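For reference, the structure is listed below as structure tokens.
Nothing in this text is a laboratory measurement; each read-out follows from the coordinates by a stated rule. Keep in mind that this is a model prediction, so the values were computed, not measured. All Cβ positions, glycine included, derive from the backbone under ideal geometry; neighbour counts span all protein chains shown.
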Ligand code: ADP
Ligand code: MG
């Protein structure tokens, strides 16, 4: 989506104009606001949270044949924007729709693994072994999760050593691609949870991926890093992976009750247009709770607005993928 690249350069927090800061006690930002519309309003004309007409997002038909997987990197070099939360919950929602999903933890901090109840310190093997080991198969490293149809390729701090060791490898940017090529036939969707950096690990993720989803916190400084990220994506497209496309920008931690959040989302939509997903993830304390529980929100609080948002996102992601 070239238009995203063209609008991004020069876009920084200064473009926000006057924002509404410090809207009070952070606790007041939390809570469970009403869910976003999840079905098509037959009367038409209902606006979604991004200010655009809410689209028809039907449940996709069940799959009769599985694989080969579409690989999607969840990427933003800023930490704490909802990459890991979105990877887990989008993955779980896609699994609910009957997709065979693999989540790849590609952050040495192992938050994705923790969020799915796996202790990264006690792993016998992790993605590190697949990247740099020569004598281990992926089936020995992939583990199931509490959700049917949702598997995990875990990571831990060993992965930070991989980043150093990969520097001296031949075709170092394609190392993850080589690993995932073998796994791809066994899944419908592979989501890669990237580390908060644009280093060699993230370049590997972007080289392996067909699509990128950029989670973007609905906060004043959130757009700052997006120009750098779209620049990096453009370089990867030029030099390593011409097929790579931005699938969408996902607004996260949105609070419809603050002018600030609404303004940020407005700016994002005016800068990136249709690239922005209609689905927006609201801020709710349920998400930090799910990390402690070690399971997705779709099973921890299945009827919550947060769970419903990720189900809507799953339908939107599949609709965008099938639209091509
Ligand atoms: P990243 O992977 O980009 O660093 P995380 O997904 O780990 O970001 O999210 C950072 C923190 O914010 C975590 O504690 C997570 O539970 C919390 N969080 C994520 N999404 C939301 C949300 N929509 N509302 C409230 N808290 C959230
Ligand atoms: Mg993370």
Helix 305-322 axis, angle to the chain major axis (alpha carbon atoms, nearest 10°): 70 degrees
Helix 226-239 vs. the chain, principal-axis angle (Cα, 0 to 90°, nearest 10): 40 degrees
Added length on full extension, which subtracts the Cα-Cα distance from 0.36 nm per residue, residue 320 to residue 66: 89.6 nm
log₁₀ of I(q)/I(0) at q = 0.08, 0.13, 0.14 Å⁻¹ - the chain, Debye sum with one point per alpha carbon: -0.34, -0.94, -1.10
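Taking a ≥ b ≥ c as the square roots of the eigenvalues of the Cα gyration tensor of region 255-324, is the shape rounded (a/c under 1.5), prolate (a/b larger than b/c) or oblate?
Note, shape of region 255-324 comes out oblate.
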Most mobile listed residue (105, 56, 151) in the chain, GNM with C-alpha springs under 10 Å: 56
Principal-axis tilt of helix 83-96 within the chain, Cα atoms, nearest 10 degrees: 90 degrees
Gyration tensor verdict on region 77-141 (Cα atoms; rounded if a/c is under 1.5, prolate if a/b is larger than b/c, oblate otherwise): oblate
Mean projected area in nm² (Cα convex hull; one quarter of hull surface) for region 162-283: 8.6 nm²
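Could I get the Rg over Rh figure for region 73-206? Both from C-alpha atoms, Rh via Kirkwood, rounded to two places.
Dividing the radius of gyration by the Kirkwood radius yields 0.93.
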Inter-part distance where region 116-132 and region 173-235 are each reduced to a Cα centre, Å: 20 Å
Virtual spin-label span in nm between residue 136 and residue 274, 7 Å along Cα→Cβ: 4.4 nm
